[in-house]
Amino acid sequence: MSQAATSTANANANANAGLRDVPAAPSSICWIDGDEGILSYRGYNIHDLATHCSFEEVIYLLWYGKLPNQSQLDELKGKLNANMSAPPEVLGLMMAFPQNAVPMAALRTAVSALAFYDPETNDKSFEASQRKAMRLMGQTATLVAAFDNIRNGRTPLAPRSDLSFAANFLYMLTGKEPDDISERAFDIALTLHADHEFNASTFAARVTAATLADIYASVTSGMAALSGPLHGGANEQVMRMLLDVGTVEGAENWIRTKLANKEKVMGFGHAVYRTEDPRATHLRRMSEEIGKRQGNTQWFDMSKRIETIVKEEKGLNANVDFYSASTYYQLGIALDLYTPIFGVSRMSGWTAHVLEQYSNNKLLRPRSDYQGELGLTFVPMDKR
Ligand code: COA
């Protein structure tokens, strides 16, 4: 490349730092209008889906491109239930993990290991990949609950075929069937986290899929990318922040000091939205409703106060992670499971994207914005 062409390429790459607003591949799964705050899955607005659909309907929608009728939904539920049990070998592997293993790392390792026990791992046909997506969807939930039981010295619970996906997860996690309100709140949270276009983890999954690596390898890449605090790891950090703030009265001083020190506040800002993240609208309401039902709105009140000040001072909006933190906390879920739960939900989006990538594949291979030197004269070892 000539020097002029190189500098043009560099200027373009700088303009696209972080690949912002660069369409990397065609997709028909998810659409976001960041200026208007619109999120839609397969053409349906997230507000309608979160209000009217179950998570199982959303899984069907993401995979097959349309909302299911009753018999299609029943069939999907039957297949999910039939595929929820994790292989005993993988549960045994988890028992050998250190008790203090980070759950997200435990989940990433266990999901990767599922490939060893799937008789269709080496069948790369599209139909086999669809069946593997079903198994991944069911088993990931079971693995998260199993790991929490194992590290707390309890025997993992087998999934039940009479419960919804959301209720089954909460049952396996706590040993108790959730009440209707907790089940619905969790179900909505799963719907809200299910897909988000070419976010970092989905893009990582698609990059791996585009090499024609199998679906287990692809979603393991996604899971690794989700773990970071700038992506799925933010929800846990938000709750740690709220616990550190401690009181509603202390929130203002705490957050003003943080902003004055130019520190990042987890749960705010977004690479695409310039308005309210539409998912935050539902999670804010759920955080408040659960707090009111439990007779303690301190986590919601504290969050609201922080949100007002961050908006006032920095013009930043709350994102999906901000109110999911207090929602999960009030549902009694351990802090370090928030990100794995994000992974349980996002498995639906990752698998939909991997299948879409397989069906119209092109290796994803961008160029680097090279900033180094060129044309240096080689220096032999004894002259360096
Ligand atoms: N707290 C404080 N300041 C923030 C901020 C936050 N959460 N998010 C962005 N900003 C500020 C940056 O410091 C930067 O200010 P500067 O221009 O004075 O340096 C400016 O806003 C742009 O930030 P940048 O990180 O470049 O924005 P982005 O659009 O590339 O980043 C995120 C998007 C999500 C990575 C970023 O907002 C962030 O780190 N948020 C916190 C982590 C989080 O909640 N992640 C979950 C996302 S769903």
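The values are calculated or read from the model by the stated rules, or taken from the named source; none is laboratory data. Everything quoted here is computed from the prediction, not taken from an experiment. FYI the Cβ positions are ideal-geometry reconstructions off the backbone, even for glycines, and counts take in every protein chain you see. What goes into the accessible areas is simple: the full protein's heavy atoms, side chains included, and nothing from ligands, DNA or RNA. Shrake-Rupley method; radii C 1.70, N 1.55, O 1.52, S 1.80 Å.
Could you tell me how many cubic angstrom of Cα convex hull volume the range 191-262 has per residue?
In the range 191-262, the Cα convex hull volume per residue is 120 Å³.
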**Item:** Per-residue [θ]222 nm for the chain (sum of -39500 (n - 2.57) over DSSP H runs n ≥ 4, rounded to 500)
**Value:** -18500 deg cm²/dmol
**Asked** Hey, what did the chain get for relative contact order, percent, Cα under 8 Å, at least 6 apart?
**Response** 23
**Prompt:** Which value in Å is the Kirkwood Rh of the range 222-267 over different Cα pairs?
**Reply:** 11.5
**Longest segment of the chain lacking chymotrypsin sites (Phe, Trp or Tyr not before Pro) that sit in a DSSP loop with at most 15 other Cβ atoms within 10 Å** = 1-369
**Message:** Just to be sure I understand the rule: take each whole DSSP H helix in the chain, project its Cα atoms onto its long axis, keep it if the span is 27 Å or more and its mean Kyte-Doolittle hydropathy is at least -1.0. Which ones pass?
**Reply:** 126-151, 338-359
**Prompt:** Reported to two decimal places, what Rg/Rh ratio describes the range 304-363 when computed on Cα atoms with Rh from the Kirkwood expression?
**Reply:** 1.18
**Request:** With the convex hull built on the Cα atoms of the chain, state its orientation-averaged projected area in nm².
**Result:** 23.8
**Prompt:** trypsin sites (Lys or Arg not before Pro) within the range 128-228: which are DSSP loop residues with at most 14 other Cβ atoms inside 10 Å?
**Reply:** Arg154, Arg160, Lys176
**Asked** How high is the relative contact order of the range 110-258, in percent, counting Cα pairs under 8 Å that sit 6 or more residues apart?
**Response** 18
**Request:** Do me a favour and compute the ellipsoid semi-axes for the range 25-76 from its Cα gyration tensor, root of five times each eigenvalue, largest one first, whole Å.
**Result:** 22, 13, 6
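How much of the pair distance distribution for the range 1-159 lies past 23 Å, counting alpha-carbon pairs only, in percent?
Values: 7354 of 12561 pairs.
That tail contains 59 percent of the Cα-Cα pairs.
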**Complete:** Taking every alpha carbon pair in the range 251-297 and sorting the distances into 10 angstrom bins from 0 up to the bin holding the longest one, the percent per bin comes out as 21, 32, 41, 6
**Complete:** To the nearest 20 debye, the range 214-294 has a Cα-centred charge dipole, built from +1 on Lys and Arg Cβ and -1 on Asp and Glu Cβ, of 180
**Message:** Quick check on the range 174-313: take the gyration tensor over C-alpha atoms, sort the square-rooted eigenvalues as a ≥ b ≥ c, and tell me if it's rounded (a/c under 1.5), prolate or oblate.
**Reply:** oblate
**Prompt:** Which value, in nm² and rounded to one decimal, describes the direction-averaged projected area of the C-alpha convex hull of the range 30-115?
**Reply:** 8.1
**Request:** Could you tell me which of rounded, prolate or oblate describes the range 78-233, using a ≥ b ≥ c as the square roots of the eigenvalues of the alpha-carbon gyration tensor, with rounded for a/c under 1.5 and, failing that, prolate when a/b is larger than b/c and oblate otherwise?
**Result:** rounded
**Asked** For the charge dipole of the range 69-211, defined by +1 on Lys and Arg C-beta atoms and -1 on Asp and Glu C-beta atoms about the Cα centroid, which residue among Gln72, Gln99, Asn149 has the Cα displaced farthest towards the positive pole?
**Response** Gln99
**Asked** At q = 0.15, 0.27, 0.28 Å⁻¹, what is the log10 ratio I(q)/I(0) for the range 82-149, with the Debye formula run over Cα points and no solvent?
**Response** -0.46, -1.22, -1.29
**Request:** Could you pull out the longest piece of the chain with no exposed loop GluC sites (Glu not before Pro) in it, calling a site exposed if DSSP puts it outside H, G, I, E, B and it has at most 14 other Cβ atoms within 10 Å?
**Result:** 37-248
**Item:** Carbon and sulfur %, accessible surface of the chain computed with the full protein complex present, 1.4 Å
**Value:** 52
**Request:** At 1.4 Å probe size, with every protein chain present, just tell me what the per residue accessible area of the chain comes to in Å².
**Result:** 47
**Asked** Given N residues in the range 265-372, what is Rg(Cα) / (2.2 N^0.38 Å)?
**Response** 1.38
**Request:** Putting +1 on Lys and Arg Cβ atoms and -1 on Asp and Glu Cβ atoms, find which of Thr377, Phe169, Ala86 reaches farthest to the positive end of the dipole of the chain.
**Result:** Thr377
